[in-house]
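Worksheet for the structure shown next.
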Amino acid sequence: MVKYVFEMLKNDVNAMPDSPLRRSRGRPKAWADKTDQNTIKSLDRAMDVLEHLSTMPGATLSELADHLEQSPATVYRVLVTLEGRGLTEFDAESQLWYVGSQAFVVGSRYLRRTSLVDRATPILHQLMTQTGETANLAVPRGGSVVFVSQAECHHSIRAFFPHGSASPMHASGIGKALLSEMGPDQIAHMLREADLEKFTRFTITDPTRLVDELTRTRERGFAIDDQERNVGMRCIAATVRNWTGKAVAGISISGPLARIEDGQVHGLADAVKSAAQSLSAALGADA
């Protein structure tokens, strides 16, 4: 009986968001309030200075003040405060301010907690909802891409790639998107080592044709698997970059030709590219 009453009391407390018995976990009571009372304006100005400085190869105090439309005295106090934390550095000889090494340390800590799949999950679901087609995430492994996450659409006829399944790069939208990021020597090496297997009558197995296709992919910013792996299915893909600018993964949508028609390709490609850019930004890549 005592245990039952205790459980009831505990449940009642948990149901009361304002109860003093509940401990705040990261946000105070009014965390959803977006008014000025929840903003530290001086800190907000400081972040403006740091973010703007990060876009420049170095800047004088007057340059920063002009760009931010703030007084030199205010900007100087911000810079000196950030310098004390190692977030900015001053070169006395050139009279230029730079982003400090501690900013890299903080950024590195962020990257350590960044999981590609975790970051991609909401982006894949948004892409699937936007396009109505299955959205995929894959990473390179040797001469193939391996599918590591997917948001399935709700159509009865839809693409499905089990997690861990692989597809040769030359017959995959994501694979061709990643190949298009390689230099000529890397592509030549891949073509020498790869077995350009023919899966359908649409699969590109001629090296010269494949190089031409990769050139077109690079120019338009997205790749197309046009029935090259499975007859009747089309895929549109774009690359995902990490904080160093390296292409580390690809996002795609896949669906039947009846839904991904010729006239829809460019519109759908814009959605895929936008999703890839969002995931790249989440991994620390420059916009």
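Nothing in this text is a laboratory measurement; each read-out follows from the coordinates by a stated rule. Keep in mind it's a predicted model, so treat the numbers as computed, not measured. When we count neighbours, we look across all protein chains shown, and the Cβ atoms used for this are built from the backbone with ideal geometry, even at glycine.
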Arrange the following residues from fewest to most other Cβ atoms within 10 Å of their Cβ: HIS52, HIS189, HIS154, HIS170. HIS154, HIS189, HIS52, HIS170
13 Å beta-carbon shell around ARG229, net charge (K/R +1, D/E -1): 0
Net length gained if the chain between ALA282 and LEU257 were fully extended (0.36 nm per residue, minus Cα distance): 5.9 nm
Full extension between HIS266 and ASP195 adds, at 0.36 nm per residue less the Cα distance, a length in nm of 22.5 nm
Stretched out fully, how many nm does the piece from THR55 to VAL117 gain, at 0.36 nm a residue minus the Cα gap? 19.5 nm
In whole angstrom, note down how far apart the Cα centers of region 182-225 and region 37-99 are. 47 Å
Filtering trypsin sites (Lys or Arg not before Pro) in region 55-161 by DSSP loop and by at most 11 other Cβ atoms within 10 Å leaves ARG85, ARG113
If neighbour count is taken as other Cβ atoms inside 10 Å, put TRP243, TRP97 in order from fewest to most. TRP243, TRP97
